[in-house]
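Peer 1: This structure is in structure tokens; I'll ask about it shortly.
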Amino acid sequence: MSGAARGAGFTARRIFITAQLGLVTAAVFELAVRHLRPDLYAQRPRDLAALGRQLAPEYDFVVVGGGSAGAVLASRLSEAPRWRVLLLEAGGRGSALADIPALGATLPGSADDWQFRAEPSPAFCRAMDAGRCRWPQGRALGGTSLLNGMLYVRGNRRDYDGWAAAGNAGWSYDEVLPYFKKSEDARPARLRADARHHATGGYLTVDEYRYRTPMADALLDAGRELGYDVVDYNGETQYGFARFAGTVRDGFRCSTAKAFLEPAADRPNLDISMHSVVERLLVDPQSKNATHVVFTKGGRRYTVRATKEIVVSAGAVNSPKLLMLSGIGPKEHLDEVGISPVVADLRVGDNLQDHIAMGGLLYLVEFPVSLVVPRQLNTKNVFDFLVRNEGPLMTTGIAETLAFVNTDYSNDTSYPEVALYLSAVPETVDGGVYLKGVLGLSDEFYSAVYEPVLYRDGFTALATLMHPKSRGTVRLRDADPSSPPRIFPNYLAHPDDVRTLVEAAKFGGRLSATETMQKLGSHVNPYPFPACKHLKLMSDEYLECALRQHTMSLWHFGGTCKMGPDSDPAAVVDPQLRVRGVNGLRVADSSVLPVLPTANTNAPTIMVAEKASDMIRDQWITPGDLFG
């Protein structure tokens with residue numbers, strides 16, 4: 001047996017044992033949170049049955065999906081007391097651990113995640129199990145906002161002005177900014193001072209994390225040393241380094257379920273039905289009216305009618321899946337899988353986009369300035385969390401420092417092409433218990449690259465492509481609603497994406513070489529990726545090889561139900577988010593984004609839902625609806 005094989009076997013055995021301990025630890029911790037911090041979990045919205053209600057045969061509006069967008073829509077639409085609103089969510093209330101910022105890595109792969117996998121390709125994700133990228137998507141109230149990194153990033157003025165210039169009237173930056181501000185309750189004084197870009201009093205709390213590692217401040221200083229200003233990336237300029245503000249409230253996660261649904265949960269006109277998996281929409285093939293939603297719950301099948309509209313907010317994977325199951329999609333594909341009749345021949349599932357980075361490039365340091373699990377998981381830190389709302393468990397860990405920069409291929413500082421997510425939590429810090437599984441890394445890869453440096457302090461600089469030119473697709477596997485969709489990301493298909501990411505990956509080395517980081521003894525992990533070990537470490541050739549091995553998704557999926565004018569043959573919804581050729585049906589989530597913004601997608605998705613609720617109100621509201 002080769003040394004690599006023995007190493008992989010050792011890693012597999014060790015990770016299996018520690019993973020079991022990790023599962024036990026997570027279960028014990030969840031019980032402790034539920035009993036010692038009932039304030040975090042007890043107030044979450046409950047299923048209508050728990051409130052003594054029964055499903056009605058019809059509602060004014062049926063919202064499919066209770067995630068980043070659906071929770072907002074259900075809350076806003078139910079503000080009109082005479083409108084009856086049903087929110088259907090496939091998952092439940094979510095794990096109690098979801099509230100704890102540092103424990104986000106325990107959620108992907110759990111019951112709160114759809115656990116999607118992309119189709120394999122020789123061009124990317126070769127270091128993952130079976131060569132398949134992991135695509136976490138939230139399956140609980142709050143959706144992916146329940147398991148994401150909580151990073152509140154809106155995007156660039158040119159993103160939205162570009163949407164408007166492409167024929168999406170009403171979506172320019174100046175027109176969407178009020179919807180970002182409508183949601184926001186900014187807590188840091190530095191944000192509140194900028195009334196042009198920030199607001200207070202909204203449902204969504206935006207604040208700084210209660211704990212920052214010493215590494216986070218060192219990386220900010222390293223950025224200054226390289227000549228970058230410290231900026232508010234949601235303010236006047238995006239270019240530069242910044243401290244993260246996130247969707248956190250009193251130090252804990254503020255998902256859209258907490259922000260928007262908890263205040264609305266007791267409204268008599270809002271029914272929330274959990275564990276309700278929507279199978280299809282009923283659309284009359286003659287009138288093209290979308291009228292009913294068919295879903296299963298507790299082993300029974302239900303059909304409810306929407307008298308005004310159905311709003312699909314199931315995300316960039318499940319929204320196109322549901323439309324195609326309902327006969328709305330590319331005719332040639334629907335014919336192939338046996339979906340009949342074809343109600344609307346639209347390019348549903350095309351235009352798939354994601355922000356990707358080169359993962360796995362670890363820089364080691366010689367001082368205790370990072371988050372390392374054996375050092376942090378102790379009685380004092382657990383006490384600080386449970387009693388004082390402070391300590392290492394109150395940090396996102398994923399990226400405390402963010403930078404928007406350019407490579408040598410662009411000098412346009414008004415529109416940065418790369419985001420640097422600078423993390424003091426590299427893949428080695430938990431011994432592979434959680435982070436290895438979140439990324440889907442193979443035992444062979446983990447053994448070769450990380451086993452020799454387990455629990456070492458360090459940082460990663462995830463240089464992320466903000467404007468990818470590659471496009472993928474989402475397709476049905478077959479006509480069975482229970483079958484997972486087929487996801488073809490098509491990462492790195494465009495040579496410009498490869499070229500930009502190879503250059504962007506060098507930023508970590510530049511940071512490591514600064515005087516600030518050299519004082520910490522910073523140096524690149526000397527253990528190469530197995531498939532690239534024949535190439536010079538950190539050369540262009542090595543970096544391209546590494547990119548195709550550890551192709552890291554930032555989970556910023558979008559574009560699969562593209563918004564566009566009637567002149568755009570790829571558009572699925574119009575600028576009012578109405579599905580083209582179908583009456584009474586809209587889509588409002590990240591799937592409608594025509595081009596991904598220069599941002600994490602959670603804040604833009606919430607903005608889309610805020611704007612969609614106003615569009616719906618403008619169409620349907622009457623003075624009488626505003627009074628109970």
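Taken together, the values in this text are just the output of simple stated rules run on the coordinates, not laboratory data. What you see is a predicted model; the values in this text were computed from it and never measured. When we count neighbours, we look across all protein chains shown, and the Cβ atoms used for this are built from the backbone with ideal geometry, even at glycine.
Peer 1: Report the local net charge at residue 503: Lys and Arg +1, Asp and Glu -1, summed over other residues whose C-beta lies under 9 Å from its C-beta.
Peer 2: Its environment carries a net charge of 0.
Peer 1: Exceeding 26 Å between C-alpha atoms, which entries from my cross-link table qualify? They are 321/506; 436/533; 308/469; 331/562; 321/611; 181/258. Walk me through the numbers on the way to the answer.
Peer 2: Working: 321/506 38 Å; 436/533 21 Å; 308/469 38 Å; 331/562 17 Å; 321/611 24 Å; 181/258 18 Å.
Beyond 26 Å between Cα atoms: 321/506; 308/469.
Peer 1: While we're here: By counting other Cβ atoms within 10 Å of each Cβ, how are 260, 404 ranked from fewest to most? Don't skip to the end; give the middle numbers.
Peer 2: Working: 260 30, 404 26.
Fewest-to-most Cβ neighbours within 10 Å comes out as 404, 260.
Peer 1: Now, a different point. Once you keep just the Cα pairs under 8 angstrom separated by 6 or more residues, what percentage relative contact order results for the chain?
Peer 2: Working: 1489 pairs, mean separation 137.6, N = 628.
Value for the chain: 22 percent.
Peer 1: Something else about it: In whole Hz, with x marking every Gly and Pro, tabulate ³J(HN,Hα) for the range 430-444 from phi via Karplus 6.51 cos²θ - 1.76 cosθ + 1.60, θ = phi - 60°.
Peer 2: 10, x, x, 5, 10, 5, 4, x, 4, 8, x, 5, 6, 4, 4
Peer 1: Moving to a separate point now. Taking θ as phi - 60°, what are the ³J(HN,Hα) couplings along the range 536-549 by the Karplus curve (6.51, -1.76, 1.60), each to the nearest whole Hz, with x for Gly and Pro?
Peer 2: Karplus values, whole Hz, x for Gly and Pro: 5, 4, 6, 6, 4, 5, 5, 5, 5, 4, 4, 4, 7, 8.
Peer 1: Check which residues have an amide H placed less than 5 Å from residue 558's amide H, if you skip close sequence neighbours.
Peer 2: The answer is 353.
Peer 1: List the residues, sorted by chain then number, that are 5 or more residues from residue 202 or on another chain and whose placed amide H is less than 5 Å from its amide H.
Peer 2: Under 5 Å from the amide H of residue 202: 184, 185, 186.
Peer 1: Here's something else I'd like to know. For the range 318-353 and the range 404-459, what is the separation of their Cα centres, given in Å?
Peer 2: Value for the Cα centre distance between the two parts: 36 Å.
Peer 1: A further question follows. Starting from the amide H of residue 235, placed 1.01 Å from N in the peptide plane, find each other amide H under 5 Å away whose residue is 5 or more places distant or on another chain.
Peer 2: none
Peer 1: Just checking the chain: which Cys have no other cysteine's beta-carbon under 4.7 Å?
Peer 2: For the chain, the answer is 254, 561, because their Cβ atoms have no other cysteine Cβ under 4.7 Å.
Peer 1: Okay, moving on. Kindly write out, for the range 303-309 in residue order, the coupling ³J(HN,Hα) from the Karplus curve 6.51 cos²θ - 1.76 cosθ + 1.60 (θ = phi - 60°), rounded to whole Hz, with x marking Gly and Pro.
Peer 2: Using θ = phi - 60°, the values come out as 10, 10, 9, 9, 7, 10, 8 Hz.
Peer 1: What angle, in degrees between 0 and 90 and rounded to the nearest 10, separates the Cα long axis of helix 214-225 from the longest principal axis of the Cα atoms of the chain?
Peer 2: Tilt of helix 214-225: around 80 degrees.
Peer 1: Nearest 10 degrees is fine. How inclined is helix 3-36 to the longest principal axis of the chain, computing both from alpha carbons?
Peer 2: Helix 3-36 sits at roughly 50 degrees to that axis.
Peer 1: At 4 °C and 1.567 mPa s, grab the translational diffusion coefficient of the range 447-597 from Stokes-Einstein with a Kirkwood Rh over Cα pairs, rounded to a whole number in µm² per second.
Peer 2: On the way: Rh = 18.8 Å.
Translational diffusion coefficient: 69 µm²/s.
Peer 1: Okay, next question. Averaging over all projection directions, find the projected area of the Cα convex hull of the range 311-427 and quote it in nm² with one decimal place.
Peer 2: 13.9 nm²
Peer 1: Could you tell me the center-to-center distance, by alpha carbons, between the range 54-89 and the range 217-235 in angstrom?
Peer 2: The range 54-89 and the range 217-235 have Cα centres spaced 42 Å from each other.
Peer 1: In whole percent, what relative contact order does the range 324-466 give with Cα contacts below 8 Å and a gap of six or more residues?
Peer 2: Working: 211 pairs, mean separation 40.8, N = 143.
Reported as a whole number, the value is 29 percent.
Peer 1: Residues with beta-carbon under 12 Å from that of residue 410, excluding residue 410: net charge, scoring Lys, Arg +1 and Asp, Glu -1?
Peer 2: Details: positive: 499; negative: 408, 412, 417, 496, 503.
Net charge around residue 410: -4.
Peer 1: Oh, and also: Please state the relative contact order of the range 428-536 as a whole percent: Cα pairs under 8 Å, 6+ residues apart? Spell out each step's value before the answer.
Peer 2: On the way: 87 pairs, mean separation 29.7, N = 109.
Relative contact order comes out at 27 percent.
Peer 1: Here's something else I'd like to know. Does anyone have the angle between helix 315-325 and the longest principal axis of the chain? Alpha-carbon axes, 0 to 90°, nearest 10?
Peer 2: The angle comes out near 40 degrees.
Peer 1: Is it possible to state the helix-based mean residue ellipticity at 222 nm for the chain, with each DSSP H run of 4+ residues giving -39500 (n - 2.57), the sum divided by total residues, to the nearest 500 deg cm²/dmol? What is it?
Peer 2: One gets -8000 deg cm²/dmol as the mean residue ellipticity at 222 nm.
Peer 1: Also, I was wondering about something else. Note down the magnitude of the dipole of the chain about its Cα centre, charges +1 on Lys and Arg C-beta and -1 on Asp and Glu C-beta and zero elsewhere, to the nearest 20 debye. Don't skip to the end; give the middle numbers.
Peer 2: Numbers: 67 positive and 70 negative charges, 270 e Å.
So the dipole magnitude of the chain works out to roughly 1300 debye.
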